[in-house]
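**Student:** I'd like to ask some things about the structure below.
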Amino acid sequence: MPVQISPSILSADFARLADECAAVAGTADWLHVDVMDNHFVPNLTLGLPVVESLLKAVSTPIDCHLMIEDPDRWAPAYAEAGAGSVTIHVEAAKAPIRTLRTIRAAGARAGLGVNPATPVEAFEDLLPELDMLLLMTVEPGFGGQRFLDVVLPKVRRARELIDKHGGSVWLQVDGGVSAETIERAAEAGADVFVAGNAVYGAQDPAQAVRNLRAQAEGAR
């Protein structure tokens, strides 16, 4: 599948959120929205009301990444609100299959997130229930962290598992993705890239998206 770039608005200026989203319209494939509850991760960001407001203001599809406790309860509402993709974490979900199916039934793509220290092989049987597998390449909770190269072998194993099952699941990496790291992630098999500071820390966010896409395409 083609390379996809999903700028993370966690690195955007929250006082100008609609403008920041508009800055990458037409170049980004998704807008990545990190929902954090200060329980599953040690940070508090935004929730469903902000997502609902964004959906009225932007044309780029929204990719919601739920780093929260009890995603089984809360995830369906993000899909019902109109998010194009909703990702829950294996470490937090108690009924992942039911929740993933509910997300799909509401019309969104269903994603499963995996933290750096969580092995991916244990979830091979869940691949038919997924539209996207998200591998964290930093410890979740804060933007601006350095990319963990230790996760790259897991990205390769995940790519092998996905290809074994027909290759229809997108493989997303999130954390520390930049001009210095995106090629390594692409070579390992990722095809969807979440980039925060690399986009919103640039003078021209749209050009940063184009540059990252070109790098990833070249590495693949």
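Taken together, the values in this text are just the output of simple stated rules run on the coordinates, not laboratory data. Everything quoted here is computed from the prediction, not taken from an experiment. Here the Cβ is made from the backbone with ideal geometry for all residues, glycine too, and neighbour counts use every protein chain on show.
**Student:** Please report Rg (one decimal) and Dmax (integer) in Å for the Cα set of segment 72-126.
**Tutor:** 11.0, 32
**Student:** Here is a further query. Residue by residue through segment 176-184, which ³J(HN,Hα) values in whole Hz follow from phi under the Karplus form 6.51 cos²θ - 1.76 cosθ + 1.60 (θ = phi - 60°), with glycine and proline marked x?
**Tutor:** Result, rounded to whole Hz: x, 6, 8, 4, 7, 10, 5, 5, 5.
**Student:** Give, rounded to the nearest 20 debye, the magnitude of the charge dipole that the chain has about its Cα centre when Lys and Arg contribute +1 at Cβ and Asp and Glu contribute -1 at Cβ.
**Tutor:** Working: 18 positive and 29 negative charges, 55 e Å.
Dipole size: approximately 260 debye.
**Student:** Right, another one. Would you mind putting 7-13, 95-101 in packing order, based on average other-beta-carbon counts within 10 Å, highest first?
**Tutor:** Taking the mean over residues of other Cβ atoms within 10 Å, the ranking is 7-13, 95-101.
**Student:** Ok, one more. Can you give the local net charge around K94? Use residues other than it whose beta-carbon is closer than 12 angstrom to its beta-carbon, Lys and Arg +1, Asp and Glu -1.
**Tutor:** So the environment of K94 carries a net charge of -2.
**Student:** Now for a different question. Please work out which option in [x] 27, 23, 15; [y] 29, 20, 16; [z] 23, 22, 16 gives semi-axes √(5λ) of the Cα gyration tensor in Å calculated from these coordinates, and answer with its label.
**Tutor:** Read-out taken from this structure: [z].
**Student:** Would you please give the residues with an amide H less than 5 Å from that of V177, counting only those at least 5 places away or on a separate chain, with H modeled from the backbone geometry?
**Tutor:** G196
**Student:** Arranged by the count of other C-beta atoms within 10 angstrom, fewest first, what order do F193, F147 take?
**Tutor:** Least to most surrounded, the residues fall as F147, F193.
**Student:** Amide H of G113 versus every other amide H placed in the peptide plane: which residues, excluding those fewer than 5 positions away on the same chain, fall under 5 Å?
**Tutor:** Hits under the 5 Å cutoff: I88, H89, V90, L134.
**Student:** Okay, moving on. Show that you can apply the helix-only estimate: for the chain, add -39,500 (n - 2.57) for every DSSP H stretch of four or more residues, divide by all residues, and state [θ] at 222 nm to the nearest 500.
**Tutor:** Mean residue ellipticity at 222 nm (helix-derived): -10000 deg cm²/dmol.
**Student:** Next question, about the same structure. Quickly work out the L126-to-R16 label distance, labels modelled 7 Å from Cα along the C-beta direction, and quote it in nm with one decimal.
**Tutor:** Here the modelled spin labels are 3.9 nm apart.
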